[in-house]
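Worksheet: the structure to be examined is printed underneath.
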Number of protein chains: 2
Amino acid sequence: MSTHPGTEITMHADDAPQPPKRKRRPSKDAPSLSSDRIIAAALDLIDTQGVDNFSMRNLAKLLGVYPMAIYWYVPNRNALVARVTAHVLADLVPEDPSADWQDDLRTLLHRFRAIIRAHPNVAPLIGAQLVSNASVDLMMIEWVLQVLRRSGLNEADIPAAYTATIGAMTGFVTQEFAAVPQDDKTGWADEMKQIAQSADPEQFPLAAALMPKLLNRSFILRWDNGSAVPLDDGFDFFVESFIAGLARRAGH
Amino acid sequence: MSTHPGTEITMHADDAPQPPKRKRRPSKDAPSLSSDRIIAAALDLIDTQGVDNFSMRNLAKLLGVYPMAIYWYVPNRNALVARVTAHVLADLVPEDPSADWQDDLRTLLHRFRAIIRAHPNVAPLIGAQLVSNASVDLMMIEWVLQVLRRSGLNEADIPAAYTATIGAMTGFVTQEFAAVPQDDKTGWADEMKQIAQSADPEQFPLAAALMPKLLNRSFILRWDNGSAVPLDDGFDFFVESFIAGLARRAGH
DNA sequence: ACCTGAACACCGTTCAAGT
DNA sequence: ACCTGAACACCGTTCAAGT
């Protein structure tokens with residue numbers, strides 16, 4: 001739960017004075033604010049209101065404080081959002097590497113998806129923000145590199161394979177849980193259904209035939225996102241294809 | 001270039017009255033605004049300023065018009081952004097299917113990347129907005145389904161394979177071109193470099209050893225995005241792995 | 001039909017000030 | 001060190017009005 005602030009190398013160490021050096025605050029009571037409280041409250045707001053409706057002012061209100069109070073702990077909104085995603089991803093790396101590198105990769109990708117499922121509104125932030133906490137990231141990076149080397153891949157291919165793996169881990173899930181505009185959900189769903197059922201079987205034979213399996217159960221042809229309708233089959237197929245392809249390229 | 005408005009089924013037909021039915025505007029001169037002009041100007045702004053700095057008010061200024069004038073053509077900012085991404089993706093589907101389904105898939109994924117490379121600031125919008133123009137999408141969907149059937153996959157696997165394919169197409173590239181916070185770019189780069197070179201070889205042996213190949217050339221360990229530093233090798237490895245995995249699952 | 005113009009309810013952030 | 005309070009320069013969008 002806790003991110004052990006202070007023991008971790010905080011990326012982007014933002015020149016804002018980090019609060020507790022040593023036994024500070026000899027005064028009466030603890031400060032009302034802290035990095036941890038702010039991050040927890042921010043995550044709470046993002047989880048419940050979505051990232052668009054998350055504002056420094058609302059966060060301040062939730063914390064019972066004036067907006068600018070937050071800025072003593074965090075340099076700006078972007079940095080705060082980065083810390084929230086780092087917090088969410090803190091427990092990503094599996095503890096125990098197994099005997100089978102393919103199982104390890106599978107586990108990592110599924111763990112990532114499970115985390116985002118618990119905090120879907122964070123999904124759109126992952127792309128830009130998977131850079132926030134270097135210590136966590138270095139562990140994860142090393143973990144992935146080790147798995148890839150055990151796969152038997154050519155050593156020279158490991159950097160490319162690493163990037164491919166991270167892309168596979170984050171890409172699908174980010175899309176799956178991407179926010180769906182909630183302006184007029186039902187109108188949108190209705191139009192999508194209508195287009196789907198009026199898909200000309202002459203022009204689009206396969207799409208028309210498979211529509212019952214695709215409608216609101218696959219990318220593009222949906223109006224709910226992964227929170228409401230998880231794309232389990234698609235994700236599994238994606239993961240297994242990627243791993244199988246890696247295995248083939250590694251000579252298995 | 002032109003999206004032929006009126007000939008396409010516009011998804012989310014938003015009840016705003018769509019302008020030209022028949023020979024309208026018998027009056028003096030053409031209206032100063034049009035859907036096409038607005039979309040083109042919006043794309044221009046997004047390309048140059050980024051999506052964060054893109055506002056209805058700036059767009060109005062660029063068009064030489066009051067902000068609310070735009071609202072006669074577009075119901076709101078989100079819808080406008082959706083149309084922009086649809087416009088950008090209009091030419092995604094390749095014209096000529098080849099003899100080899102693997103080549104076709106490769107072509108599609110590379111075309112997608114080329115489009116996003118030309119408009120990288122649109123990348124973060126793709127996830128939520130690959131839903132905007134149903135006619136384009138149906139063509140693309142049918143195209144993908146046809147390719148997958150030619151692969152020899154089990155018919156029952158095609159829906160999952162379809163979602164996996166779209167996820168593969170959009171996921172990696174969306175991450176590759178995700179915006180990098182430009183608050184203090186150089187400071188960020190410096191810290192990243194420092195963490196990289198001080199990576200403990202005891203704790204992170206592979207990461208430390210491969211760091212020269214990884215630093216700013218792979219996910220997470222970078223400060224530039226795909227516009228400045230394209231991840232060509234990673235992308236190729238990803239695409240080839242996915243296709244190889246598909247082939248294996250199809251029994252090749 | 002197409003656009004203006006003012007107004008409302010918000011933003012993130014700077015800056016000076018309190019304690 | 002930690003937070004208040006006012007102010008600045010923005011937002012998207014509603015609503016009434018002009019032509």
Check A:Tyr73 against each of (1) hydroxyl-bearing (Ser, Thr, Tyr); (2) within 16 Å of DNA strand D (Cβ to nearest atom); (3) assigned to a helix (DSSP H, G or I) and name the one condition it does not meet. (3)
Within region A:27-47, residues away from DNA strand C (no atom under 13 Å from the Cβ) and modelled with pLDDT under 95 come out as A:Asp29, A:Ala30
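Table: residues versus (1) touching a Pro at 6+ places or on another chain (Cβ under 6 Å); (2) of a type outside the set (Lys, Arg).
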residue: A:Lys193; (1), (2): no, no
residue: A:Ala208; (1), (2): yes, yes
residue: A:Asn216; (1), (2): no, yes
residue: A:Ala228; (1), (2): no, yes
residue: A:Leu231; (1), (2): no, yes
residue: A:Gly234; (1), (2): no, yes
residue: A:Arg249; (1), (2): no, no
Looking only at region A:186-194, decide whether some residue is touching a Leu at 6+ places or on another chain (Cβ under 9 Å), in the same structural domain as A:Val147 (by TED's automatic domain parsing) and without any contact (Cβ under 8 Å) to a residue 40 or more places away in the chain. no
Got at least one residue in region A:117-132 being modelled with pLDDT under 90, farther than 26 Å from A:Phe237 by Cα and more than 15 Å from DNA strand C (Cβ to nearest atom)? yes
Taking region B:143-164, which residues are of a type in the set (Phe, Trp, Tyr) and under 11 Å from A:Leu210 (Cβ atoms)? B:Tyr162
What residue, among those in region B:111-121 that are open to solvent by less than 50 Å² (accessible area, probe 1.4 Å) and more than 13 Å from chain A (Cβ to nearest Cβ), is farthest from DNA strand D (Cβ to nearest atom)? B:Ile115
Could you list, in sequence order, the residues of region A:32-53 that are more than 14 Å from chain B (Cβ to nearest Cβ) and open to solvent by 30 Å² or more (accessible area, probe 1.4 Å)? A:Ser32, A:Ser34, A:Asp36, A:Arg37, A:Ala40, A:Asp44, A:Asp47, A:Thr48, A:Gln49
Taking A:Asn154 as meeting all but one of (1) crowded, with 22+ Cβ neighbours inside 10 Å; (2) within 28 Å of A:Asp96 (Cβ to Cβ), write down the number of the exception. (1)
For A:Arg111, are the conditions met, namely being under 18 Å from the mean Cα position of the chain (by Cα), within 17 Å of A:Arg37 (Cβ to Cβ) and either assigned by TED's automatic domain parsing to the domain that holds A:Val239 or more than 8 Å from DNA strand C (Cβ to nearest atom) (or both)? no
Please work out which residue is farthest from B:Ala42 (Cα to Cα), limiting yourself to region B:77-110 and to residues that are open to solvent by 20 Å² or more (accessible area, probe 1.4 Å) and hydroxyl-bearing (Ser, Thr, Tyr). B:Ser98
When you scan region A:54-101, how many residues do you find that are within 12 Å of DNA strand C (Cβ to nearest atom), of a type in the set (D, E, K, R) and within 14 Å of chain B (Cβ to nearest Cβ)? 1
Out of all the residues in region B:115-124, is one or more touching a Leu at 6+ places or on another chain (Cβ under 8 Å) and under 21 Å from B:Leu33 (Cβ atoms)? no
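The values are calculated or read from the model by the stated rules, or taken from the named source; none is laboratory data. Not measured: the values here are computed from a predicted model. Here the Cβ is made from the backbone with ideal geometry for all residues, glycine too, and neighbour counts use every protein chain on show. Ligands, DNA and RNA are excluded from the accessible area calculation, which covers all protein heavy atoms including side chains. Shrake-Rupley method; radii C 1.70, N 1.55, O 1.52, S 1.80 Å.
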